[in-house]
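What follows is one structure encoded as structure tokens, with my remarks underneath.
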Amino acid sequence: MQGYILHTQRQKGEDLIVRVLTESKIKTLYRFYGARHSLVHIGHRIDFVQESNGIFLPKLRSVMHLGFGWERELERVYVWQRFIGLLDKHLRDIYEVDRFYMEVLDEAARKLLKQNPMRVMIEAYSQILSKEGRKPSQASNNSECFLCGEALGEDIALARSFMAAHRHCARGLHTQMGKIKDFLSTGDSLRLSDEEVRSLYEVLLLGF
């Protein structure tokens, strides 16, 4: 079985409780002496065996780290792990999931080898919002402020989940609608400058 480690929580001694995203479920597993092993780490893609005894949490066994070349670059790892942490919070009370979430992470992990890590993550974030029906172009008329419902001008504030509002209605990224309209519609960041990508990444860090 394969999956991504979303979260680890230290228990007595060096044991860990580990949350793993697989194609169909989010599994909560117990790893004896897990804190000793660097391969049991947030964001790692692993191959593993689940061993159940019917009494306590299933055990995480025979773990193999399925590494990526970019994991030697600290900046890429840092951006990746922050995204994984936000996704873990977003999926905290969910146990069964669509394989879509694994596919998004697989695609992002492949892109991270060569692309700007922040660009990769805002596109993955946009994909998830779209799948969940929470992308601004799907959830509401993006020409209206999501707080007051009045028409928006060119100057906007971009809030959590890329929701657009008047600058006097919401705190958030101050930007211009024309600069990000294409990205909000398509989820493709190709036309965005690195500076615009960095600004949208700051919005991403507000959470899902």
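None of the figures in this text is laboratory data; all of them are computed from the coordinates on show. Quick caveat: nothing in here was measured; it's all calculated off a predicted structure. Please note: Cβ atoms are built from the backbone with ideal geometry, for glycine as well, and neighbour counts cover all protein chains shown.
Key figures
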| item | result |
| --- | --- |
| Computed log₁₀ I(q)/I(0) - Debye formula, equal Cα scatterers, no solvent, the chain, q 0.08, 0.11 Å⁻¹ | -0.32, -0.58 |
| Percent of alpha-carbon pairs separated by more than 18 Å within region 49-151 | 63 |
| Rh (Kirkwood; distinct C-alpha pairs) - region 86-208, Å | 15.0 |
| For LYS59, distant residues with modelled amide H under 5 Å away | TYR30, GLU51, SER52, ASN53 |
| Most to least packed among 190-201, 64-75 [average Cβ atoms within 10 Å] | 190-201, 64-75 |
| Rotationally averaged projected area of region 1-96 (alpha carbon convex hull; nm²) | 6.3 |
